[in-house]
Amino acid sequence: MRETETLDHIFRSVLEADATEYDPWLYRYCGNLGSSTDAMRYERHLVALLDFGRADPRGATVLDAGCGFGFTLLLLRWLGASNVYGVDISEQMIRTIRTFLRILPDDFAGGIHVAQASVTEMPYENDSFDLLLSLEAISHYRDVGAFIDEAARVIRSGGTLLIRDGNNGKNPRVRRETRALWEEFETGKASALGERHERDGCYRLRREEIIRENFPELSGDLVMDLVLRTSFMSRDEIVAAVRDYERGGTRPSSFYSGQDPPVDPNSGSVIERLFDPYQLAAELRDRGFSIRVAGYWGGASGRRVVRLANKVLGAASRLTIYTAPSFTIAARKP
């Protein structure tokens, strides 16, 4: 398909389709990719990441863990991957991908497979993939350790895990901005940085709705106390904790303190977890992976000076990681 279709044409065919089954957030997150400039930038970003990981997608079987709306799957297939798999916990995102796959040519779409599932319990056999990607996704995983275990299970010997994320906790500015975001999403208060992010109610409001829906007999004061005591819990965990309390147990004590990312009770995902890249690399090394770590300062725009600066700074990441907004990890399974 590459010989006859440009990448931006593929993206536009998806974005311009009259599909009522699309999640409207598709256009917010991916709407710019129909332009040739942004499609090329997206390609450069992924190709540079693959080069860092010394991973060739041509003929490979690839998994994108936390695939979102699936545009990385399209790009990997366009770059020559024989089969690409995407897993995401969001039903709306997976439904959107399945919808647009129906409008793409069979010889192209036939190599793309998606599943709604958790990255901690992926529906794949052992040793299934040559390459596993986690792109701006690992900071939303609730159980990073369980994901690493799953990655070690499904990647073949000699295969690679590539991680890139914009939540470098070694960078003071990133830490400050991310913690302000946590406070906003948990409490609903405007960010201390003066910004406000679009969302469907703060997490405390969502927990209140869950408790009132399942326990309408509880007093308002008790509901609000339980809302504060069930931070970091998913919907099912909240219901179980309140039910246990009603049966004579103690009130839950999962309080939000601002030191850890809050949990969306509806999806069970977290909002922008902060990482020490070298600590994360150590966890991967403990699972047997060989590791390369680098900060990421940019370069997808194509500007030569930015790419050169990124290369120089990345080579000295042990010293420069404090200035990088993002980080990259390449982990090779022996």
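Within segment 224-301, the proportion of C-alpha pairs whose separation exceeds 21 Å stands at 52%. Taking Cα atoms only, the orientation of helix 36-52 departs from the longest principal axis of the chain by about 90 degrees. FRET efficiency for the pair Leu205 and Glu246, taken as 1/(1 + (r/R0)^6) with r the Cβ-Cβ distance and R0 = 30 Å, rounds to 0.85.
In terms of the mean number of neighbouring beta-carbon atoms within 10 Å, the peptides 220-230, 27-37 order highest first as 220-230, 27-37.
Taking the Kirkwood radius as Rh and the Cα radius of gyration as Rg, segment 94-147 has a ratio of Rg/Rh equal to 1.01.
In terms of overall dimensions, segment 138-185 has a Cα radius of gyration and Dmax of 14.3, 43 angstrom.
Straight Cα distances below 28 angstrom link Lys311 to the lysines Lys170, Lys333, with same-chain residues fewer than 8 positions distant left out. 3J(HN,Hα) along segment 126-141, derived from phi through the Karplus expression 6.51 cos²θ - 1.76 cosθ + 1.60 where θ = phi - 60°, amounts to 4, 6, 8, 10, 7, 8, 10, 10, 10, 10, 6, 10, 4, 6, 9, 6 Hz, with x in place of Gly and Pro. By the count of neighbouring beta-carbon atoms within 10 Å, fewest first, Ser326, Ser82 end up ordered Ser82, Ser326.
Compute the acute angle (0 to 90°) between the alpha-carbon long axis of helix 304-315 and the principal axis of greatest extent of the alpha-carbon atoms of the chain; round to the nearest 10°. Between the helix axis and the principal axis of the chain, the angle is about 70 degrees. A straight chain from Tyr27 to Ser219 at 0.36 nm per residue would run longer than the Cα-Cα distance by 65.0 nm.
From most to least packed by mean Cβ count within 10 Å, the peptides 17-23, 113-119 give 113-119, 17-23. Once the mean 1/r over all distinct Cα pairs of segment 174-246 is inverted, what Kirkwood radius in angstroms do you read off? Taking every pair of different Cα atoms in segment 174-246, averaging 1/r and inverting gives 13.2 Å. Across segment 174-246, C-alpha contacts under 8 Å between residues 6 or more apart give a mean separation that, scaled by the residue count, equals a relative contact order of 23 percent. Taking the empirical scaling 2.2 N^0.38 Å for compact globular proteins as reference, the chain has a Cα radius of gyration ratio of 1.05. Qualifying trypsin sites (Lys or Arg not before Pro) in segment 61-110, where qualification requires a DSSP coil assignment and no more than 13 other C-beta atoms within 10 Å, comprise Arg102.
Across the chain, C-alpha contacts under 8 Å between residues 6 or more apart give a mean separation that, scaled by the residue count, equals a relative contact order of 17 percent. Using only Cα atoms, find the angle between the long axis of helix 203-214 and the longest principal axis of the chain, and express it within 0 to 90 degrees, rounded to the nearest 10. With rounding to tens, the tilt is 60 degrees.
Each of Ile211, Leu228, Tyr245 was scored by the projection of its Cα onto the charge dipole of segment 174-246, and the greatest displacement toward the positive side belongs to Leu228; charges sit on the C-beta of Lys, Arg, Asp and Glu. With the helix formula -39500 (n - 2.57) applied to DSSP H stretches of n ≥ 4, the chain reaches a computed 222 nm mean residue ellipticity of -12500 deg cm²/dmol.
Bear in mind that the values in this text are calculations on the coordinates, not laboratory data. All values reported here derive from a predicted model rather than from experimental measurement. So basically every Cβ, Gly included, is an ideal-geometry build from the backbone, and we count neighbours across all protein chains shown.
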